[in-house]
Amino acid sequence: MREIVILGSTGSIGVQALEIVAANQDKFRVVGLSAGSGNLQLLFEQAKKFSVPIVGTTAEKKMYEGYEGYEGIAGELQVIDGANASSEIATIPCDIVLNGITGSIGLGPTLAALGVGNKVALANKESLVAGGDLVMAFGSDRIIPVDSEHSALYQCFLSGKRSEVKQVILTASGGPFRDLADLSGVTVAQALAHPTWSMGPVVTINSATLMNKALEIIEAHHLFDLPYSAISAVIHPQSVIHSMVEFIDGSTIAQASPPNMKGPIAYAIADGHRVAKATPPLDWNSKHTWDFAPLDSAKFPAVDLARRCGELGGGLPAIFNASNEVAVAAFFAGEISFTQIVDIVEESVQKLGSQSPITIRDISDVTAIENDARNQARLLVQERR
């Protein structure tokens, strides 16, 4: 029986993880949950259903005391509230902490979990983008990736020696606009209509701009200790091949499964073991056509920008990520156009890049860099209103 903590339990990753637990109650026991204040009812329903002894929420006590779901289990449940709730929940002794939080607020809980000796199933890519050196200082053996692309690479690497790897290839669906020439009039509703994946709204917008793939390239650099020259990406609309590893003898090993996050989540929380029927298999009795095409860097400049930020290092990836979070929020609010998202990120990087520290010493450095980047991005949003 593996004891797990789930951070971001009411989000897409957290909900699917709990579905896996429900289907495998002989394998997993949930000992802690955390979530924001946006869906307290669901959080307390999850705590009751899975008999979780302790939960964390950013909501203040006065916000959740009146919830019927909370009142029904108040005597059996410990609640930690406040801004650091997820970091506190992450320190509960367990076999693995699944970090399904979206955004760079997930970095603190990742470091908290690693700091007390917990393993981390990492779905929060921003932890590695903003604080990769801090996270990887705990050792790569303490982290199992949950992103489908990095889970695929993790599995493909088992096919050969690390010294035999020539390059890795991340696949990208291309989002809803891979075949649209003019992106200037894209609406929020159109950007949220992903043709392949069902994800949270921020991740879905990041997929539409290919910012998600940009972040994943930086993530892969840290996770697998690879130079950026050995990390590439291709468009694969069907999202069946999740990533590939090319070896020096010309062989390429690919990991294939339906576009479903339950496979990677189950593989991670089971510590690299396979959970039966985690996700439906491919139907090999049906005809399949899989397409691959190069990325259009002119149309989707986020990937090249991420690569430049990653190669220069220091605080640039944190600036890149934080300014994107502001720009995406502004797009949701109707303050900027779709194409201005990456424009604002690039201009923020240009304006703050020369001030960025060469070395990130601790999380306070990351916080300071991100605060500056968010302020800069907000000014750029105001200019474009």
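Taking the beta-carbon count within 10 Å as an exposure proxy, list Lys48, Lys62 from fewest neighbours to most.
Numbers: Lys48 15, Lys62 8.
Going from sparsest to densest Cβ surroundings: Lys62, Lys48.
Sorted from largest to smallest, which semi-axis lengths in Å does the alpha carbon gyration tensor of region 147-304 give for its equivalent ellipsoid, taking the root of 5 times each eigenvalue? All intermediate terms of the calculation are to be shown ahead of the outcome.
Details: eigenvalues 128, 77, 45 Å².
That gives 25, 20, 15 Å for the three semi-axes.
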message = Can you find, among Gly139, Thr10, Val97, the residue sitting farthest towards the positive end of the charge dipole of region 2-145, where Lys and Arg contribute +1 and Asp and Glu -1 at Cβ?
response = Gly139
request  = Compute the separation of the alpha-carbon centres of region 1-68 and region 358-385 and state it in Å as a whole number.
outcome  = 31 Å
request  = Identify which of Ser232, Ser243, Ser159 has the largest mean-square fluctuation in a Gaussian network model of the chain, with springs joining Cα atoms closer than 10 Å.
outcome  = Ser159
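Arranged by the count of other C-beta atoms within 10 angstrom, fewest first, what order do Thr57, Thr187, Thr289 take? Don't skip to the answer; put the middle values down first.
Numbers: Thr57 28, Thr187 12, Thr289 6.
Least to most surrounded, the residues fall as Thr289, Thr187, Thr57.
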key: Ratio Rg/Rh, restricted to region 242-385 and using Cα atoms, in which Rh is the Kirkwood radius   = 1.09
ask   = Can you give the relative contact order of region 313-385 as a percent, counting alpha carbon pairs under 8 Å and 6+ residues apart?
value = 49 percent
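Dipole of region 147-304, Cα-centred, from +1 at each Lys and Arg C-beta and -1 at each Asp and Glu C-beta, to the nearest 20 debye?
That gives a dipole near 360 debye.
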ask   = What stretch of the chain, leaving out the sites themselves, is the longest with no GluC sites (Glu not before Pro) in a DSSP loop having at most 14 other Cβ atoms within 10 Å?
value = 77-385
ask   = Under a GNM of the chain (C-alpha, springs under 10 Å), which listed residue has the highest mean-square fluctuation: Asn285, Asn321, Asn371?
value = Asn285
request  = Could you list, in their original order, any pairs among Lys61/Lys213; Lys27/Lys161; Lys27/Lys62; Lys48/Lys277; Lys49/Lys262; Lys62/Lys262 whose Cα atoms are separated by more than 27 Å?
outcome  = Lys61/Lys213; Lys27/Lys161; Lys27/Lys62; Lys62/Lys262
request  = Choose one of Gly314, Asn375, Ile358: the residue whose Cα lies farthest towards the positive end of the charge dipole of region 313-385 (beta-carbon charges +1 Lys, Arg; -1 Asp, Glu; about the Cα centre).
outcome  = Asn375
Formal net charge of residues neighbouring Ala333 (Cβ-Cβ distance under 14 Å; K, R +1; D, E -1) = +1
note = Listed with the fewest Cβ neighbours within 10 Å leading, Arg378, Arg384 appear as Arg384, Arg378
message = How big is the dipole moment of the chain about its Cα centre under a simple scheme where the beta carbon of each Lys and Arg is +1, that of each Asp and Glu is -1, and everything else is neutral? Debye, nearest 20, please.
response = 440 debye
inquiry  = With volume of the Cα convex hull per residue in Å³ as the read-out, I listed [x] 134; [y] 145; [z] 162; which label goes with the value calculated from this structure?
reply    = [y]
The chain: most fluctuating residue of Met261, Met63, Met244 per GNM, C-alpha cutoff 10 Å = Met63
Positive-pole candidate from Val275, Ser243, Gln340, dipole of region 228-385, charges at beta carbon = Val275
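Bear in mind that the values in this text are calculations on the coordinates, not laboratory data. The structure presented is a predicted model; accordingly, all values stated were derived computationally and were not measured. Positions of Cβ are backbone-derived with ideal geometry, glycine not excepted, and every protein chain shown enters the neighbour counts.
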